[in-house]
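Asker: Below is a structure I'd like to ask you about.
Rule-based calculations on the coordinates, nothing more; no lab input. Everything quoted here is computed from the prediction, not taken from an experiment. In this analysis, Cβ positions are derived from the backbone assuming ideal geometry, glycine residues included, and neighbour counts consider all displayed protein chains.
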Amino acid sequence: MREPDSCTQVAYRMLVRLVVAEGVDRPVLLDLSYDSADPYAVSLTFHMCTDTTVRWVVGRELLLDGLEKLTGVGDVQVWPCRDPAADKVHIALCPCPKQEAVVVTAPAQTLGAFLRRTLAVVPTGSEDRHLDMDGAVHQLLSGPGESLR
């Protein structure tokens, strides 16, 4: 069990390319964030325009594996560019089963640097030691509106 104030966060901002159509893309700012309090997850916040953001939470392991090979099933898939010299990783996000996936192309080196920083905070295999299971159980058993102290 972790101490409540021992959380460590990692944050990166990068420019990615949102694939709009075959051969057409547009730049989008992406904020990546990681919090040791939720050690299995990475938050992706896309800044679509001035006031609009779209947030996805994906597995850290999915992003790590996607740097090397096609990974993921369902609503999120990640894979490296076929040309290793291109330094790109593709992330496909499917918001609804009946919609086409949105594909984002990110710089592989930048994504890799972010993920290495998360691994320095919480190494693979040690994630469960950072979970606050007592707090989660208390929250589940608490009535609506009851303070968690």
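Asker: Using a cut-off of 12 Å between beta-carbons, work out the net charge of the residues near LEU29 (Lys and Arg +1, Asp and Glu -1, LEU29 not included).
Answerer: Summing Lys/Arg as +1 and Asp/Glu as -1 gives +2.
Asker: Please identify the trypsin sites (Lys or Arg not before Pro) of segment 1-109 that satisfy two criteria: DSSP loop assignment and at most 10 other Cβ atoms within 10 Å. Which are they? Walk me through the numbers on the way to the answer.
Answerer: Details: sites: ARG2, ARG13, ARG17, ARG55, ARG60, LYS69, ARG82, LYS88, LYS98; in loops: ARG2, LYS69, ARG82, LYS98.
Here the trypsin sites (Lys or Arg not before Pro) that fit, given the DSSP loop and packing criteria, are LYS69, ARG82, LYS98.
Asker: Net charge near SER43, counting Lys/Arg +1 and Asp/Glu -1 over other residues with Cβ under 9 Å of its Cβ?
Answerer: Every neighbour counted, the sum reads -2.
Asker: Which of rounded, prolate, oblate describes segment 1-85, given a ≥ b ≥ c as roots of the alpha-carbon gyration tensor eigenvalues and a/c under 1.5 marking rounded, otherwise prolate only if a/b is larger than b/c?
Answerer: It comes out oblate by the Cα gyration axes.
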